[in-house]
Amino acid sequence: MALPLPHLLWGNADCVELARTFGTPLYVMDESMIRARCAEVRSAFLEKWPATTACYASKAFLTKTMARMVCQEGLGLDVVSGGELHTALAADFPPSRIELHGNAKSERELRAALSAGVGRVIVDGVMELELLAALAAETGRKADILIRVAPGVNPHTHAHIVTGHTGSKFGLPIEGELLESAVKFALASPGLALKGFHFHIGSQIFENSSHVEAVGRIAALAARLKTRLGFEAEELNLGGGFGVGKLPDFSHSPHSPDKNVPSESHVPLHLFTDAMMEALTRECRARGLARPAVAIEPGRWIVAEAGITLYAVETIKRLPGVTYVGVDGGMPDNPRPSLYQAAYEGVVANKISAPAAEKATIAGKCCETGDILVESIALPPVERGDIVAIFNTGAYNFSMASNYNRLPRPAVVLVKDGRADVVVARQTHDDLLRGDAIPDRMR
Ligand SMILES: Cc1ncc(COP(=O)(O)O)c(C=O)c1O
C-alpha cells in the first residue's frame with residue numbers, strides 16, 4: 001500500500017487540513033514569521049542605532065490582529081486612509097505611534113487624525129498643508145508633521161512601484177521653490193510643528209544604492225534649509241521598499257515547514273538600514289548637522305514571506321506548448337501579477353515530496369486573459385482537487401483584494417504552533433449583496 005504523501009506545513013499546521021477546514025482560496029499567515037521579522041527590525045535597527053523608530057506600513061497587510069501584533073512587537077503603524085486608521089484604532093493601537101500618509105487625504109481623514117491624536121501626519125503637498133493648518137487652528141489641536149519629498153532617484157524596480165522620482169505624484173520635489181515655501185508656511189503656522197522630512201522611493205528594491213543616494217539628497221536638503229531658513233530638521237523618515245524574493249526563508253521561522261519545500265535566503269534589513277545610517281551619519285558630520293532621529297517604514301519585508309495562499313485545483317487543460325492549471329481564485333485575491341508582472345512560486349501542498357513531472361501555468365478563474373498567478377512552474381502530476389500553495393503572498397494580496405467577477409474575498413487564517421485562528425472571515429455571496437439595492441422605481 002502506498003504511503004500517503006507528506007503535506008506542506010505552515011506554522012506547523014497541515015495546509016491540506018487548513019484547506020479542508022476553512023475552504024479555499026485561503027490566506028494563511030504564519031505568526032512566528034511576522035514576529036521574527038519584527039524582532040529583526042528591533043535587533044538590526046532600533047537597538048543598533050540610537051534615536052530610531054520603525055513603523056510597519058500597514059497597506060501591505062492590515063487586520064485588527066495584525067495591528068495588535070505590531071503593537072505588541074513595539075513598532076509604530078503607517079496608515080494611509082481613514083479605513084486603515086479606523087482599523088488601527090479598533091485594535092486599540094496607540095494613536096501616538098500612528099503616522100498618517102496619503103497623497104490625496106480628505107478633510108475627513110485629516111480631522112480623524114487630529115481628533116485621534118496621531119503621532120505624525122506626513123504632509124504630501126501644499127494644499128494639504130494649508131488645509132491641515134486651518135483644521136488645526138479650528139480644532140485647537142497641534143499636528144506634528146513631516147513633509148514628504150520626492151528625492152529624484154530611480155531605484156531598479158517595476159515602473160508602477162517607483163515613487164520618489166522627479167515628477168512623482170507623491171511629495172514635493174526636493175529641489176526648487178515649492179518645498180522651501182511649504183517649509184516657510186509650516187513654520188509660520190501655529191497649529192503645525194514641522195519635525196522634518198520623509199521619502200519613500202519605491203517598493204521591491206533589492207540593493208541599497210538608491211536608498212543611500214536619497215539619504216545624501218535629504219541631508220543636502222537639511223543643510224540647505226538650515227542655512228537659508230535657520231530650520232533644523234529633528235527627524236527624517238526614510239520610508240520602506242525593502243525587497244522580498246519569491247520563496248520564503250524558512251531558517252527564520254522557528255517552525256520550519258517541510259524540508260522538501262525550496263527556500264530562498266532573505267534580504268537582511270541591515271543591508272539597507274546600515275548603509276543608510278552610515279551614509280546619514282557621514283553626510284551630517286560633513287555638513288555640520290546633528291544627526292536627526294530616523295524612522296523607517298517596512299511593509300512587504302515584514303509580512304510577505306509569512307503568507308501563503310491555498311487554492312483548490314478546479315481544472316487542468318493540456319494544450320500544445322502549455323498546460324493550464326485552473327484554480328478557484330486569481331486576480332481578485334492576488335492582483336499583483338496582472339498589475340505589475342509580480343512573480344510567484346508555488347507547490348502542490350498535498351504532493352510536496354512528489355517529483356516534478358511537467359511545467360504548468362497556474363491560471364486564475366477570472367474572465368481576463370491576464371489572470372495568470374504563476375507562469376510556467378514545475379509541478380508534480382496535478383489532479384482536480386489538489387491544493388496549490390503560492391508562497392510569499394503575505395503582502396499586498398489580502399490588502400489589494402477585490403470582488404471582481406463577484407468572487408467573495410477569502411478568509412485569513414493566522415497559524416502558530418499548529419493552531420489556526422480565523423482572523424478575517426470568508427465573505428459569503430450574501431456579503432456581496434450588502435448595500436446593493438434596486439431603486440424603488442424598478443420594483
Ligand atoms: C510611504 C510609504 N512607506 C512605506 C511603504 C512600504 O513599502 P514596502 O511594502 O515596499 O516596504 C509604502 C508603500 O507603498 C509607502 O507608500
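Please treat every number below as a calculation from the coordinates, not as lab data. These numbers come from a predicted model, not from an experiment. Note that we place each Cβ from the backbone using ideal geometry, even for glycine, and neighbour counts take in every protein chain shown.
Quick notes
- Flag for residue 415 being under 16 Å from residue 34 (Cα atoms) and of a type in the set (Val, Ile, Thr): yes
- Among (1) within 16 Å of the ligand (Cβ to nearest atom); (2) within 18 Å of residue 231 (Cα to Cα); (3) surrounded by fewer than 16 Cβ atoms within 10 Å (Cβ to Cβ), the one test that residue 146 misses: (3)
- Any hit, region 406-426, residues being of a type in the set (Gly, Ala, Ser) and free of Cβ contacts under 8 Å to residues at least 60 places away in the same chain: yes
- Counting the residues of region 160-213 that are over 21 Å from the mean Cα position of the chain (by Cα), crowded, with 20+ Cβ neighbours inside 10 Å, of a type in the set (Gly, Ala, Ser) and under 18 Å from residue 101 (Cα atoms) gives 3.
- Number of residues in region 160-190 that are in a strand (DSSP E or B) and away from the ligand (no atom under 16 Å from the Cβ) equals 1.
- Looking only at region 191-220, residues that are part of a helix (DSSP H, G or I) and either without any contact (Cβ under 8 Å) to a residue 60 or more places away in the chain or not charged (D, E, K, R) (or both) come to 10 in all.
- Hey, residue 141 touching a residue at least 40 places away in the same chain (Cβ under 8 Å) and within 16 Å of the ligand (Cβ to nearest atom) or not: no
- Looking at region 1-111, the strands (runs of 3 or more DSSP E) lying wholly inside it that each contain 2 or more residues that are within 16 Å of the ligand (Cβ to nearest atom) sit at 52-57, 76-79, 98-100.
- Residue within region 275-288 that is within 15 Å of the ligand (Cβ to nearest atom) and more than 18 Å from the chain's Cα centre (by Cα) present: yes
- Filtering region 85-116 to residues that are surrounded by fewer than 18 Cβ atoms within 10 Å (Cβ to Cβ) and on the phi > 0 side of the Ramachandran plot leaves only 92.
- Meets criteria (acidic (Asp, Glu), touching a strand residue (DSSP E or B) at 6+ places or on another chain (Cβ under 8 Å) and within 16 Å of the ligand (Cβ to nearest atom)) for residue 305: no
- Region 100-149, residues that are over 18 Å from residue 86 (Cα atoms), touching a Pro at 6+ places or on another chain (Cβ under 9 Å) and of a type in the set (Gly, Ala, Ser): 133, 136, 137
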